[in-house]
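Visitor: Sharing a structure here in C-alpha cells format.
The values are calculated or read from the model by the stated rules, or taken from the named source; none is laboratory data. Here the structure is a predicted model, which means the values were calculated and not measured. Ideal geometry is used to build each Cβ from the backbone, glycine not excepted, and the neighbour counts take in all protein chains shown. Only protein heavy atoms, including side chains, enter the accessible area calculation; ligands, DNA and RNA are left aside. Shrake-Rupley method; radii C 1.70, N 1.55, O 1.52, S 1.80 Å.
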Amino acid sequence: MRFDKVWIVARKDMAELRTNKYVLYTLVFMPVIMAVVIPFSFLPVIYTGAFETSGEQVELDLTPSVTFADQKINRTMIVNATIENCTIRSSYIYASRIFNSTLLDTRVNGSELVNVSVVDVSVIRNSNLWNVDVSPSSTTVNCAYVDEDPNDVRIFVDIVLNSMILFFMMIPAVIPTVIASYSFVGEKTNKSLEPLLATPTTDGELLVGKSLSIFIPTMIATFISFVVFTIIIDVGTYPVLGFYPVPTPVWVYSIFVLGPLFAIMSIALNVYVSAKVTDVRASQQFGSLVIMPLVLLMVLAIMGIISLSIGYLLVFTLFVALIDVGIVYLSIKTFKREEILVRWK
Amino acid sequence: MIRTEELTRTFNGTVAVDSLSLEVSEGEVFGFIGPNGAGKTTTVRILCCLIGPTSGRAFIGENECGREPDSMNIRQMVGLLPESPGLYERLSAYRNLDFYGQLYGVKDGERAERIKELLTTLKIWKRKDEAISTFSKGMRQKIAIARALVHKPRLLFLDEPTAGLDPEAARTVRRFILNLKKEGGTIFLNTHNLHEAERLCDRIGVLNTRLIAVGSPEELARRYWGRTTALRVKMLTPRIAEAVKSLDFVGNVQEQDGELLISLDDPDERNPAIAKAVMENGGEIQSISEFKRGLEEVYLKLIGGST
C-alpha cells in the first residue's frame with residue numbers, strides 16, 4: 001500500500017468535509033455536549049453523593065469579593081471572602097467560604113467550611129461544614145455536617161465517572177456515521193466514484209484513504225472533548241474531593257483503545273451500508289446500529305451484571321474487536337471496483 | 001493501441017458485450033455508436049480496468065486488462081470521461097484537477113502548469129477558485145474533460161462527451177476534441193450523436209451487444225448502401241425515370257426533391273450510359289454527382305430501423 005496515495009485521498013476528503021456544514025455541526029456539537037453539558041449535570045451528583053450529610057443544609061447567600069490565601073489572620077472581622085490555607089485566630093467571619101484552614105477561638109456565621117479544623121473555643125453557627133473536624137471544646141449551632149468516608153468516596157466518584165464513559169463513547173461511534181455517509185454514499189450519489197476508480201490506485205488505498213479522512217477528525221474531536229471534560233470535572237470537584245478524579249486508567253483505556261475501535265466499527269459498517277442504500281439519510285440510519293454494543297454494555301452496567309473495571313473492559317474490547325474484524329472484512333469485500341460499479345445500488 | 005479478442009461480459013446471465021474483437025491504432029479517433037444497453041459503457045469500463053471481462057481478453061498497448069500489475073499501468077496510461085462528470089461539488093475547479101493530478105503522480109510544478117494550460121484553453125482559468133456547485137452543466141463537462149487529460153494520457157475514453165449540453169457548449173467540447181485529434185491523441189468515443197461521430201471519428205464501430213460493423217463513415221455508407229448517383233434533370237418525366245430504371249446495371253432508383261437517386265456498383269463507369277439514356281428520352285441534365293449517405297441512415301439500417 002502506498003501511503004502517499006492514501007494521504008492524497010484522505011486530504012481531499014477532509015477538505016471536502018470542511019465545507020459541509022452538517023459534518024461541522026456534528027463535529028462541534030456532539031463533543032461539546034459530552035465535554036461540557038454532561039460534566040455539569042454530573043457535578044451535583046458527585047458533590048452530594050460523595051458525602052454523608054447530617055443536619056439540614058443551610059441556604060447560604062455567598063458572594064465572596066475578596067480572597068485571603070496562605071496567611072495568618074488575627075483579631076480580624078471578615079465578610080464576603082474566600083479564605084484558603086489560612087490560620088485564623090480570635091476573629092469573626094461572616095458569609096464566607098473557608099477552605100483547608102484552621103480556626104482557633106474564632107466565631108463563624110452563615111459560611112461554608114471545607115476541609116477545616118476547628119479548635120480552641122470556637123463557635124460555628126448557621127453554616128455548612130464539609131469534612132470539618134470540630135474539637136470538643138468548640139461548638140456548632142444550626143450547622144449541617146457533610147462528611148466524606150475516605151474509603152468510599154473514591155469508589156463512588158469512580159462509579160459515577162465511569163458511567164459517563166458510555167455516553168462519551170458515543171462520540172467515536174456516532175460521528176463517523178454522519179461523516180462516512182457523506183464520504184461514501186455522497187460520493188456514490190454524486191457519481192464521482194467512477195473517475196476516482198479509474199485512477200492508478202488500489203481498492204485498498206482508496207478505502208484506507210477515505211476511512212482515514214473520517215477516523216482523524218473523529219478521534220481529534222474525541223480527544224479534545226476528553227481534555228475539556230477532564231478539566232471541567234477536575235476543577236469542579238477538586239475543592240470538595242481534595243483530589244483530581246480524572247483521568248483514571250479506565251478512562252484513558254476507553255478513550256485510546258475502545259474509542260478507536262468504535263470509530264473503526266462505525267466507518268466499516270458505513271462502507272458496507274453504502275452498497276445497499278441510495279441516500280445519505282438512510283446510510284446514517286443504518287450506520288447508527290453501531291451503538292448497539294454500547295447499549296448492551298450500558299444495560300449490563302445498569303443491571304449491575306458488570307462493573308466498568310479494566311477487567312470487564314478488556315473482555316468488552318475483545319468483543320468489539322471481533323465485531324470490528326468481521327465488519328472490516330465485509331467492508332473490504334464490498335469496496336472493490338467491480339462490486340461498486342456492478343452491484344452497488 | 002487497443003486490442004480485444006472475443007471480449008464478452010455478462011451480468012447475471014444477461015450478455016452486455018458479446019465476443020467483441022476490435023483493434024484501434026495509435027493516433028486514431030474511434031467512435032462507438034449503438035442504442036442504449038448496447039454495451040458501449042461496459043466496453044469502456046473493461047478497457048479502463050474498472051470491471052473485468054467474463055471471457056475473452058483486452059489489451060491496451062502491451063498491458064492486459066484485468067491482470068495486475070497491467071491494470072495499474074493501464075489506469076496510468078488512460079484518461080476517462082464517464083457519462084456523468086462526477087466532480088467534487090464543494091471543491092474548486094483547481095482543487096478538483098489538483099487532486100486527480102496528484103493521484104496520477106504528476107509532479108507539483110508540472111501539475112500547476114498543466115492545470116493552468118487546460119483551464120486557460122477551456123476558458124475557465126478566471127473561475128478556477130470557485131466551487132464546482134456554482135458552474136453550469138457545460139462548464140462542469142469541460143472540467144471533467146480537463147480532469148481526464150491532467151496527466152497527459154496516451155489514450156482518452158470519452159463516454160457521451162456532449163450528452164445533455166446546449167449547442168454552444170457541445171460545440172466547444174467538440175472543438176476541443178478536434179484539437180486533441182490534431183495533436184495526435186488516441187481517442188475512444190462513445191456517443192449517440194451520429195453527426196458528432198461522423199465529424200470526429202476516423203473509424204466507427206456499430207455495437208448492439210455484438211459488433212455489427214466497423215469502418216470509416218464513408219466505408220460504412222458504401223458497404224451498406226452501395227454508391228449512389230444523384231441526377232438532376234430540368235423536366236423530370238416518368239418516361240425518363242423508366243428509361244433509367246430499365247438499365248440493367250442500375251439497382252434501386254428513388255425520386256427525392258426533383259432528383260433521381262440511382263444505386264450503382266461503379267458510378268464512374270456507368271454514369272455516361274445513364275446520361276445518354278436521359279438525353280435520348282428528351283431530358284436535359286442539370287447536374288450529375290455522387291450522393292453521400294449519412295451515418296444516420298447506415299446506423300438505422302444496421303440497427304434494424306427503417307430509413
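Visitor: Rounded to the nearest 0.05, what FRET efficiency is calculated for residue B:126 and residue B:5 with R0 set to 56 Å and r the Cβ-Cβ distance?
Guide: After rounding, the FRET efficiency stands at 0.70.
Visitor: Taking R0 as 60 Å, what FRET efficiency do you get between residue B:113 and residue B:237 from their Cβ-Cβ distance, rounded to the nearest 0.05?
Guide: The computed FRET efficiency comes out at 0.30.
Visitor: A further question follows. Please list, by residue number, every one of the trypsin sites (Lys or Arg not before Pro) in segment A:125-192 that is coil in DSSP and has at most 16 other beta-carbon atoms within 10 Å.
Guide: A:191
Visitor: Kindly flag which residue pairs out of A:5/B:142; A:21/A:333; B:142/B:181; B:245/B:292 have an alpha-carbon separation exceeding 23 Å in this structure.
Guide: A:5/B:142; A:21/A:333
Visitor: Rank B:158, B:178 by accessible area, highest first, at a 1.4 Å probe radius?
Guide: Reading off the accessible areas and sorting them downward yields B:178, B:158.
Visitor: Beyond 34 Å, how much of the Cα-Cα pair distribution for the protein assembly as shown remains, as a whole percent?
Guide: 63
Visitor: Suppose each label sits 7 Å from its Cα in the direction of the beta carbon; what would the residue A:307-residue A:65 distance come out to in nanometres?
Guide: Using points 7 Å along Cα→Cβ, the separation is 4.9 nm.
Visitor: Same structure again: Would you work out which of A:169, A:131, B:191 lies farthest towards the positive end of the dipole of the protein assembly as shown, given +1 charges on the beta-carbon of Lys and Arg and -1 on that of Asp and Glu, about the Cα centre?
Guide: Going by the Cα projections, it comes out as B:191.
Visitor: Using mean Cβ contacts within 10 Å as the protection proxy, how do A:207-216, B:210-219, A:263-272 order, highest first?
Guide: Highest to lowest by the protection proxy: A:263-272, A:207-216, B:210-219.
Visitor: What is the helix-to-structure angle for A:203-241, meaning the angle in degrees between its Cα long axis and the longest Cα principal axis of chain A, kept from 0 to 90 and rounded to the nearest 10?
Guide: With rounding to tens, the tilt is 10 degrees.
Visitor: Can you list residues whose amide H is under 5 Å from residue B:66's amide H, if they're 5+ apart or on another chain and H is modeled 1.01 Å from N?
Guide: The answer is B:71.
Visitor: Using protein chains only (no ligands, no nucleic acids) and a 1.4 Å probe, work out which residues of segment A:310-345 have their accessible area cut by at least 40 Å² relative to the chain alone.
Guide: Checking the loss per residue gives A:337, A:338, A:341, A:342.
Visitor: Cα axis of helix A:310-334 to longest principal axis of chain A: angle in degrees, 0 to 90, nearest 10?
Guide: The two axes meet at around 20 degrees.
Visitor: On a 0 to 90° scale, report how tilted helix A:3-17 is relative to the longest principal axis of chain A, with both axes built from alpha carbons and the result rounded to the nearest 10.
Guide: 70
Visitor: How much of the DSSP bridge set in chain A is antiparallel, in percent, rounded to the nearest 5?
Guide: Bridges in chain A that DSSP calls antiparallel: roughly 10 percent.
Visitor: Among A:122, A:30, A:287, whose Cα sits farthest toward the positive end of the charge dipole of chain A (+1 at Cβ of Lys/Arg, -1 at Cβ of Asp/Glu, about the Cα centre)?
Guide: Most positive-ward Cα: A:287.
Visitor: On full extension of the chain, what length is gained from residue B:54 through residue B:192, given 0.36 nm per residue of separation minus the C-alpha to C-alpha distance?
Guide: Between residue B:54 and residue B:192, full extension yields 47.1 nm more.
Visitor: Let me know the shape class of segment A:66-142, please: from the alpha-carbon gyration tensor, a ≥ b ≥ c as square roots of the eigenvalues, rounded when a/c is under 1.5, otherwise prolate if a/b is greater than b/c, or oblate.
Guide: rounded
Visitor: If a paramagnetic tag sat 7 Å from the Cα of residue A:296 along the Cα-Cβ line, which residues of segment A:318-338 would have the backbone N under 11 Å from that point?
Guide: A:318-324
Visitor: Report the B-A buried area as the accessible area lost on both sides summed, probe 1.4 Å, in Å² to the nearest 100.
Guide: That pair of chains buries around 2600 Å² in total.
Visitor: Then there's this: State the answer as a single residue: which of A:192, A:206, A:225 lies farthest towards the positive end of the charge dipole of chain A, with beta carbon charges of +1 for Lys and Arg and -1 for Asp and Glu, about the Cα centre.
Guide: Selected residue: A:192.
Visitor: To continue, here is another question. Could you check how much of the accessible area of segment A:222-330 is carbon and sulfur, as a whole percent, using a 1.4 Å probe?
Guide: 79
Visitor: Over chain A, with the other protein chains present, what is the accessible area per residue in square angstrom, probe 1.4 angstrom?
Guide: Computed with neighbouring chains in place, this is 45 Å² per residue.
Visitor: If you don't mind, another one. Once you average over the residues of B:83-91, how many Cβ atoms of partner chains fall within 10 Å of each Cβ?
Guide: Mean inter-chain Cβ contacts per residue within 10 Å come to 6.
Visitor: Follow-up. Just to be sure I understand the model, the point goes 7 Å from the Cα along the line to the Cβ. What's the resulting residue B:152 to residue A:139 distance in nm?
Guide: Roughly 10.1 nm, to one decimal.
Visitor: Now, a different point. How many percent of DSSP beta bridges within the protein assembly as shown run antiparallel, rounded to 5?
Guide: If I count the DSSP bridges inside the protein assembly as shown, around 40 percent turn out antiparallel.
Visitor: Say each of residue A:319 and residue A:154 gets a label point 7 Å from the Cα, pointing the same way as Cα to Cβ; how far apart are those two points in nm?
Guide: 2.8
Visitor: While we're on this one: So if a site counts as exposed when it's one of the GluC sites (Glu not before Pro), its DSSP state isn't H, G, I, E or B, and it has at most 15 other Cβ atoms within 10 Å, what's the longest stretch of chain A without one?
Guide: My reading of the result: A:60-345 is the longest stretch.
Visitor: Still on this model: Just need the relative contact order of chain A here, percent rounded to a whole number, with Cα pairs under 8 Å and 6+ apart.
Guide: 17 percent.
Visitor: With every protein chain present, what is the per residue accessible area of segment B:221-303 (1.4 Å probe, Å²)?
Guide: Per-residue accessible area for segment B:221-303 comes out at 59 Å².
Visitor: Run the accessible area of segment B:135-256 with a 1.4 Å probe and give the carbon-and-sulfur part as a rounded percent.
Guide: 47
Visitor: What FRET efficiency would be calculated for the residue pair residue A:279, residue B:134, taking the C-beta separation as r and a Förster radius of 30 Å, to the nearest 0.05?
Guide: For R0 = 30 Å, the calculated efficiency reads 0.80.
Visitor: Can you give the % of DSSP beta bridges in chain B that are antiparallel, to the nearest 5?
Guide: Of those bridges, close to 65 percent are antiparallel.
Visitor: What is the magnitude of the charge dipole of segment B:253-305 about its Cα centre, with +1 placed on the Cβ of each Lys and Arg, -1 on the Cβ of each Asp and Glu, and no other charges, expressed in debye to the nearest 20?
Guide: 120
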